[in-house]
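I have placed the structure first, in the form of structure tokens, so that the comments after it can refer back to it.
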Amino acid sequence: MFANIDLTFWVGAFLTVAIFSFLYKDNPVYKLAEHLFVGISAAYWMSVGIWTTLVPNLLCRLCPGWVNSLAGSDCLCPPASHVSGYERWIYLVPLVLGILLLMRLSPKGGWIGRWSLAFIVGITAGLNLLRYMQSDFMAQVQATMITLLPGWQGFGHFFGNLSLSLDSPLVATFSAWVVFFGTFCGLVYFFFSKEHKGWFGGASRFGIWVLMVTFGAGFGYTVMARISLLVGRFRYLFGDLIDMMNS
Amino acid sequence: MFWERLLRLDRRWIFLFVAVSVLLPLLFNLECHQVPTPIVRGIFDKLESLPPGSHVLLSFDYGPSTVPEISPMAHAVIRHCLERDLKVVFMALWATGQNLLTSTVDSVVKLEFPHKVNGTDYANFGYKAGNQGVINVIATDFYKMFTTDISGMPARTMPLMEDVENMSDMSLIISFGGGFPGIKEWVQFAGDVAHVPVAGGCTAVSAPLLYPYYPQQLIGLMGGIKGAAEYEAMLTHTYPKFDPLPKRGMLAMGPQTVAHLVIMFFIVVGNLAYFLSRSHKAKA
Amino acid sequence: MKRWIMLGVCLLSALPLWAQEPPAADTAAAQVAAAPQAAPATAVTAADAPNDNGHSLVVTFVPSADDREGGPVIGYEVYRSVDGGEWDMRGTVPASGPAGDATLRYRDAGSKDEASQDYFPIGQAYQYRVRTLSVGGFVDSEPSAPMGSTAEWFHFGKLELFLALVIFTGLMIIFIGRAKKGAELYIRPLAGIDAVDEAIGRATEMGRPILYVLGLGVASDIATIAAFTVLQRVAKKVAEYNTKIIVPCYDPIVMSVAQETVKAGFMDAGRPDMYREDDVYFVTQSQFAYVAAVNGTMLRERPATNFYLGLFYAESLILAETGSLAGSIQISGTDQVTQIPFFVVACDYTLIGEELYAASAYLGREPLLMGTLKAQDWAKGAFAVALLIGLVATLAGWSSIAGWFHLDL
């Protein structure tokens, strides 16, 4: 009658209900589930960090033979992943930087970790600077240079095809105007070097209205996301019952 | 006064209403007709236009917490790719993505497409740490990051990767993203640099942040469970053989719709209660 | 007589054989043999591929004179040789057909990895020839002159990006320099910041503490750094008004920086003796356990004012809602776009995105913050001007203007 019922399912179901019990009132069962989650996730991420980052990206580059001898086979460090020459010894650099970063745990030696942090911050800034300038600035400027009258074929065609369908000229024109003036006025709102008065203040006000509509849409999307996760949880808990009722 | 009592309504009643509004449509299998939107259709049409044998990269960049939203779209896209005889390269930028990827390959690829050969028609390269750094490297040299797949098969000698040196040899990149790193990083480091078309399937929370990239930098975007439902609808309409299979996205639309209506009702009633009680106090 | 009749019958019976269609293969071969040979491609030229790392060449050629819509040309194959040796096929180019292109091009790219089978050495001289495939067979062109590839130091396709970076960096340096020299750089008033003093005064009147939440970021996150600046200002005011401030922290490093910041604020106000280290404390690095602890603090201590400034995730609404239930005035600010809607709904004042950075520059008046904010404003101004120019250009049909922002990678 009830297929796929096993211990892992019952444990998962119990923990799900335990977390949901918080909606009624805070209670020890919820606290138990929460502490289990915190503890297991910490251990899981430590394990994932060791086996997916430290071992293949560092130890298998520096000393693959030693790692394989510990494992008893070359499954951890396959021969195809071995590197030699300077490509091997250059991995001493991240090893040293990683050890320096761990010095942050020491009250006296914490300052040493700043070197590693500087390396991380510098790399991230360098990688991101170009990409954000290209993808989030230049490409967006070009994408916003749109015509305010897309597909214009005269007033007759425009008023002859008035509809709210997504490919109608009315909706396309409205969208173009909102995209352009919304972007422009949103920029005006975030301009801090001039007081928002007169026409500037008017544009700023339109900009914040567009922003609020965006935030409302974001809020609605988030509600949809949370409900869909709830649907997923209910499907997990009542899956067999649902299948039974619909069969 | 009634409106003031309504404002002080215990929130647990609202939780109960929402729970019932989700559970009942699930139990009674309430379905809603899906009309695909252009932003989702862009991905479907692109996959339809690719000739058989084209390479498609699917990146699993999400974790278990977003499985109900993203897994349905991932399954639908994989079915579409394999049905069109496209060469699928699987990878993950999230550590938790690797387990989800492996279970998806086991449950979808191996079960529903047993004639597809690992290493020839698809390959699972698993997770690589490094976030956007990984994308930056494979944009110029795929094998610098991925020397083998997760089973240890050398990447260079795989028939699947015969004509592949880097991202530019991919016909399409689709990222199933739950956050960072995700679709945004694929657009910035692969799409805009290597000029490879990029599409995405994301959580509904992330969708508004990615709309500015559509349509120039993203050819399409599946936002949340709604996006998954639309893709499933197009897939089953074009390939009816997939109709009997579970369509988690479309099945979720019934409960989703009812829950949204209930929430909208509470919003309207709550605002009415707020304004009416304020005006009542002002008069008093 | 009988022999002549038999011969005649044999000849007559053989007639159908003569009238039969030959087998299809023979017909096809005959047709092929009879089909005219397409003219070869001409003017095959190899040149260095621009803006690359030196591991590719570009081959251009004039298509066959018979390459037209409905013509016999099927396509082209590009072959490569070293020093006139064996010719290897490198790729194919479709026929120009209806497009009727004057020249066709093919990019021959290889790997920079010496171990790769497709290794393309920089400077190696290659010759190319183009094979025209047609219904009648194929014909090869004359080989091109030998050409080797070179690597370029500068990618001219990214020139616009380089100029944008130079201009933005220059603006930052100029404005930071001016700020350091004491120039007055104007920043417009922000509603949330004006409310800070009012909120602190309210807490003093009610005799209740102020709660300052720095979010879930680490000390290197920009939003957290901006929140530290506001914290110092708030701490100074709190010291002047003799009010209690509570700062529960998510990250140990953030806690140590917050302690220094609050202490500095109290010293600025001339009340270092009032500083209590226990009021700035570490809670936990578990997201929802942290939220549970802060909620508990809100419900017990009943702060008059809550500040939520920094990096927040899914816990933002839980925090703001609990604070609202406790009856606190709430001022929030974050650059997480997904959390701003929740703060807007549940808080009295919200600093949206960049307003948080502007607030920290406004309150801290540090040259680095002021200079970068001004440079960003100028960049936004340039963006807005570009949009307007693009609008006019699009209306006038000058599509090349938009092309200036397209990077030729």
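Only the coordinates and a few stated rules stand behind these numbers; no lab work does. Keep in mind the model is a prediction, meaning the values are calculated, not measured. Here the Cβ is made from the backbone with ideal geometry for all residues, glycine too, and neighbour counts use every protein chain on show.
As a ratio to 2.2 N^0.38 Å, the alpha-carbon radius of gyration for segment B:38-246 is 0.91. For segment C:335-351, the Karplus equation 6.51 cos²θ - 1.76 cosθ + 1.60, evaluated at θ = phi - 60°, returns couplings of 9, 7, 4, 6, 9, 4, x, 5, 5, 4, 6, 9, 10, 7, 9, 10, 8 Hz by residue, with Gly and Pro reported as x.
As I understand it, the value is the acute angle between the Cα axis of helix C:191-206 and the longest principal axis of the Cα atoms of chain C; what does it come to in degrees, rounded to 10? For helix C:191-206, the angle is close to 30 degrees. If both residues of a DSSP beta bridge must be in the protein assembly as shown, then about 40% of such bridges are antiparallel. Label positions at C:Met274 and B:Arg8, each projected 7 Å from the Cα along the C-beta direction, are separated by 3.7 nm.
Report summary: the helix-based calculation at 222 nm, which adds -39500 (n - 2.57) for every DSSP H run with n ≥ 4 and divides by the residues of the protein assembly as shown, gives -16500 deg cm²/dmol.
When the trypsin sites (Lys or Arg not before Pro) in segment A:97-205 are filtered for DSSP coil states and for at most 13 other beta-carbon atoms within 10 Å of their beta-carbon, the remaining sites are A:Lys108, A:Lys197. Pick out, in residue order, every one of the trypsin sites (Lys or Arg not before Pro) in segment C:303-394 that is DSSP loop and has at most 16 other C-beta atoms within 10 Å; say none if there are none. Hits after loop and neighbour filter: C:Arg365.
In order along segment B:118-124, the Karplus-derived 3J(HN,Hα) couplings, from 6.51 cos²θ - 1.76 cosθ + 1.60 at θ = phi - 60°, round to 5, x, 10, 9, 7, 8, 10 Hz, and Gly and Pro are given as x.
Close amide-amide hydrogen proximity is noted between B:Gly126 and B:Ala92, B:Ile150, each under 5 Å apart and 5 or more residues distant or on a separate chain (H modeled in the peptide plane; Pro and chain starts excluded). Charged neighbours of C:Ser96, selected by a Cβ distance under 12 Å, balance to -2 (K, R count +1; D, E count -1). If only the Cβ of Lys and Arg carry +1 and only the Cβ of Asp and Glu carry -1, the dipole of the protein assembly as shown around its Cα centre is close to 2640 debye. Among B:Lys144/C:Lys112; C:Lys158/C:Lys380; A:Lys194/C:Lys236, which pairs are too far apart, with a Cα-Cα distance over 18 Å? Too far apart for the 18 Å limit: C:Lys158/C:Lys380; A:Lys194/C:Lys236.
Taking 4.7 Å between beta carbons as the limit, the unpaired Cys residues of chain A are A:Cys63, A:Cys75, A:Cys185.
Computed from Cα atoms, the angle from the helix B:38-49 axis to the main principal axis of chain B rounds to 20 degrees. Summarising the amide proton neighbourhood of C:Arg90: residues at separation of 5 or more, or on other chains, whose placed amide H is nearer than 5 Å comprise C:Val78, C:Tyr79, C:Arg80. Computed over the alpha-carbon atoms, segment A:68-122 gives an Rg to Rh ratio of 1.17, Rh here being the Kirkwood radius from the mean inverse distance. Kirkwood's formula applied to the C-alpha pairs of the protein assembly as shown gives a hydrodynamic radius of 32.4 angstrom. Taking every DSSP beta bridge with both residues inside chain C, roughly what % is antiparallel (nearest 5)? Percent antiparallel among DSSP bridges in chain C is about 60. Distant-in-sequence amide contacts of C:Thr42, defined by a placed amide H-H separation under 5 Å and a gap of 5 or more residues or a different chain, comprise C:Val62.
With neighbour counts taken as other beta-carbon atoms within 10 Å, the residues C:Glu366, C:Glu77 rank, fewest first, as C:Glu366, C:Glu77. Note on chain C: Cα-only Rg and Dmax are 38.7, 146 Å. If you model segment A:24-64 as an ellipsoid using its alpha carbon gyration tensor, with each semi-axis the square root of five times an eigenvalue, the axes come out at 37, 6, 4 Å, biggest first. The alpha carbon centroids of segment C:137-175 and segment B:112-140 are separated by 30 Å. Couplings 3J(HN,Hα) of segment C:237-246, computed from phi: 5, 4, 5, 5, 8, 6, 10, 8, 10, 10 Hz, in residue order, whole Hz [Karplus 6.51 cos²θ - 1.76 cosθ + 1.60, θ = phi - 60°; x for Gly and Pro].
Would you mind pulling out the separation of the Cα centroids of segment B:7-58 and segment A:56-112, in Å? A separation of 44 Å, based on Cα centres. Assuming R0 = 22 Å, can you tell me the calculated FRET efficiency for the pair C:Ile122 and A:Leu62, based on Cβ-Cβ distance, to the nearest 0.05? For R0 = 22 Å, the calculated efficiency reads 0.10.
Restricting the trypsin sites (Lys or Arg not before Pro) of segment B:1-86 to loop positions (DSSP other than H, G, I, E, B) with no more than 12 neighbouring Cβ atoms within 10 Å leaves B:Arg8. Remark: C-alpha extents of chain A on the principal axes read 79, 62, 42 Å, sorted largest to smallest. Among C:Ile340, C:Ile174, the order by Cβ neighbours within 10 angstrom, fewest to most, reads C:Ile174, C:Ile340.
When B:Ser171, C:Ser316 are sorted by how many other C-beta atoms sit within 10 angstrom of their C-beta, beginning with the fewest, the order is B:Ser171, C:Ser316.
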